[in-house]
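Computed from the coordinates by the stated procedures, all read-outs in this text should not be read as laboratory data. Predicted model only: the values in this text are computed from it and were never measured. Cβ sites come from the backbone with ideal geometry, for glycine too, and all protein chains shown count toward neighbours.
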Amino acid sequence: QKEETLSAALQSRIERLLGAKVASWRRVEGGYTPVLRLLCQTAIGRFFVKVATTPLTSQFLHHEIRNYKLIRGDFIPQLVGWEDDANAPILIIEDLSKHHWPPPWDEQRVALVLAQINTMHNTLAPLESFAEAHPPLGRLTSAVFWGTVPARPSTNRASDRARFAGAVPPAKSPFARR
């Protein structure tokens, strides 16, 4: 069986953005789109990296990069770097995988989350509405898409990734086979 490796071109782009050599990486599974998710380890730390893989995820990532540049607060991961490439943008944020992710919930954790939600709601940023930011979704509105998440949180990711995969495959895979 051949081992999956990061393409030299993509690794170089990530290293340029981080200002450090990627010593190791692993693919991060999950999410609701087919964007490439990586956890990259360098001498200066560990970082979460997202790379667009389809025209639609490229549009999504362009908007996400814009939002990370506009929003500041303790309720959002720290923006480390980005490359707003037309076809395969890259977003790098702080790695939060070592943090505690409930459940279980206790009163103190609920109070902390509610305080952060309140802070987030009181943060001003010139953001577009969902419909303005994602016109290619057509009839698929945020209520339709996000309304499915609580209904089937553990079963809908694969079908949602397929829905957002887009009709055009990426020109070249970010992975090379050895």
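Scan around Trp25 for amide H atoms under 5 Å from its own, H built in the peptide plane at 1.01 Å from N, and keep only partners 5 or more places away or cross-chain.
Sorted by chain and number, the residues that satisfy this are Gln41.
Give, in nm to one decimal, the length gained when the segment between Leu114 and Ser24 is fully stretched (0.36 nm per residue of separation minus the Cα-Cα distance). Show your work: numbers first, answer last.
Working: separation 90, 0.36 × 90 = 32.40 nm, distance 3.59 nm.
Gain on extension, Leu114 to Ser24, equals 28.8 nm.
For region 1-132, build the charge dipole from Cβ charges (+1 Lys, Arg; -1 Asp, Glu) around the Cα centre, then report which of Ala125, Val113, Gly31 sits farthest towards its positive end.
Gly31
Answer rounded, prolate or oblate for region 14-133, using the Cα gyration tensor with square roots of eigenvalues a ≥ b ≥ c: rounded when a/c is under 1.5, else prolate when a/b is larger than b/c, else oblate. Write out the running numbers ahead of the final one.
Numbers: a/c = 1.78, a/b = 1.22, b/c = 1.46.
Oblate, since a/c reaches 1.5 and b/c is not below a/b.
Testing the spin-label approximation: label points 7 Å from Cα along Cα→Cβ at Ser97 and Glu132. State their distance in nm.
So the two model labels end up 3.6 nm from each other.
How high is the FRET efficiency between Asn122 and Glu83 when r is their beta carbon distance and R₀ equals 41 Å, given to the nearest 0.05? Kindly include the intermediate steps, with their values, before the conclusion.
Values: r = 31 Å, r/R0 = 0.76.
That pair, Asn122 with Glu83, gives E of 0.85.
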